[in-house]
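Everything below concerns the one structure shown next.
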Amino acid sequence: MVMFRRFAQSRVGLGGAVLLACLGVSTLACTDDGDEGEEAAAETDEDEGDDADDSMADSGDGLGAGSCADVCGTPECGDCPTATTVEAFGVTIDATEVSNEQYAQFLAVDLDASVLPDGCGWKSFFEPEGWSADLPGGQPVVGVDWCDAMVFCAWAGKELCGAVGGGGADVGVAADPINHAWYRACSAEGANEFPYGASYDPVACNGDGSGQDAMLAGGTLSSCQGGVDGLFDMSGNAWEWTNACTAAGGDAGTECRRRGGSRYSGEDNLRCSVNSLRPRGLRDNGVGFRCCGGE
């Protein structure tokens, strides 16, 4: 099990995010297009016409003290969320993206603010952009930044998917089945371009060509399964933050890799190998995450 490392967080209740200006962040356009466009070639990340409301970070006012600085299931730290994991070529990974129901359990815990992951010292709260208690419980939580994802996974006794064996992955190469846990699981250890096989199927997963026109609860589409049986939605539905960043420290503008595409994505962005870097402070209604590790 990956230890919590005392990643800190606060009780939600500070209100909506106070947005930082997007000046000086090279890849964030601050428009209502969630996929602003950057890389080319096989690992492309093109504009998708996403109607996401992109926003950067919170006010940086700091986190308050809390009663929990450990993993879920320990005193004062709440019950652990129910989650199914699968074994995929030596990687233990959540079968689906983290759901609204699971994330709500995290928000209900009064967590200590003594330590945050490197690069997240600006954090003030962990409530997602656009959060509501009325959101469908089975759908992926979105509107979260990279730090939200890191802290949730640590609290859950896991970690945000990064390197095979744990820790951050090298951001220099996206399609690396030897060292990148998320890509290894999605691609069947480099054998497939899409989780379900070598060739694109527009209706297999919840992407732009699927006809679904909505976010789906995790695991809804049995056709969107792979690189192993029981691993769902590695393509489409929601982008997923991973632990591969351009700097070990940095700040809200430091870029980290997201994977898998969203329900707005076309073929290129739905590949296991898509290389999409975004500022870790980005909160977008098409970006969520899943965790790796755990028991």
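The values are calculated or read from the model by the stated rules, or taken from the named source; none is laboratory data. The model shown is predicted, which means the values in this text are computed figures rather than measured ones. We place every Cβ from the backbone using ideal geometry, glycine too, and count neighbours over all the protein chains shown.
Condition check ((1) in contact (Cβ under 8 Å) with a residue 40 or more places away in the chain; (2) among the hydrophobic types (A, V, I, L, M, F, W, C); (3) farther than 21 Å from Gln102 by Cα) across all residues:
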{"site": "Lys158", "(1), (2), (3)": "yes, no, no"}
{"site": "Gly165", "(1), (2), (3)": "no, no, yes"}
{"site": "Gly168", "(1), (2), (3)": "yes, no, yes"}
{"site": "Gly190", "(1), (2), (3)": "no, no, yes"}
{"site": "Glu193", "(1), (2), (3)": "yes, no, yes"}
{"site": "Tyr200", "(1), (2), (3)": "yes, no, yes"}
{"site": "Ser210", "(1), (2), (3)": "yes, no, yes"}
{"site": "Ala217", "(1), (2), (3)": "yes, yes, no"}
{"site": "Ser235", "(1), (2), (3)": "yes, no, no"}
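Of all residues in the stretch 246-275, those that are surrounded by 24 or more Cβ atoms within 10 Å (Cβ to Cβ), within 16 Å of Gly168 (Cα to Cα) and in contact (Cβ under 8 Å) with a residue 40 or more places away in the chain total 3. The single condition from (1) part of a loop (DSSP other than H, G, I, E, B); (2) crowded, with 22+ Cβ neighbours inside 10 Å that Tyr103 fails is (1). The set of residues in the stretch 137-161 that are assigned to a strand (DSSP E or B) and in contact with a Cys (Cβ under 7 Å, 6 or more places away or on another chain) comprises Glu159, Leu160. Exactly one residue out of Leu135, Leu116 is closer than 24 Å to Ser235 by Cβ, out of contact with any strand residue (DSSP E or B) (no Cβ under 9 Å at 6 or more places or on another chain) and among the hydrophobic types (A, V, I, L, M, F, W, C), and it is Leu135. When Gly260, Gly294, Gly250 are screened for being touching a Ser or Thr at 6+ places or on another chain (Cβ under 8 Å), modelled with pLDDT under 95 and at positive phi, only Gly294 passes.
Out of (1) hydroxyl-bearing (Ser, Thr, Tyr); (2) free of Cβ contacts under 8 Å to residues at least 40 places away in the same chain; (3) in contact with a strand residue (DSSP E or B) (Cβ under 6 Å, 6 or more places away or on another chain), the odd one out for Ser223 is which? All conditions are met except number (3). State whether one or more residues within the stretch 242-255 are in a loop (DSSP other than H, G, I, E, B) and under 22 Å from Val86 (Cβ atoms). Taking every residue of the stretch 242-255 in turn, none turns out to be in a loop (DSSP other than H, G, I, E, B) and under 22 Å from Val86 (Cβ atoms). Reported count of residues in the stretch 281-295, each being part of a loop (DSSP other than H, G, I, E, B) and closer than 20 Å to Leu270 by Cα, is 4.
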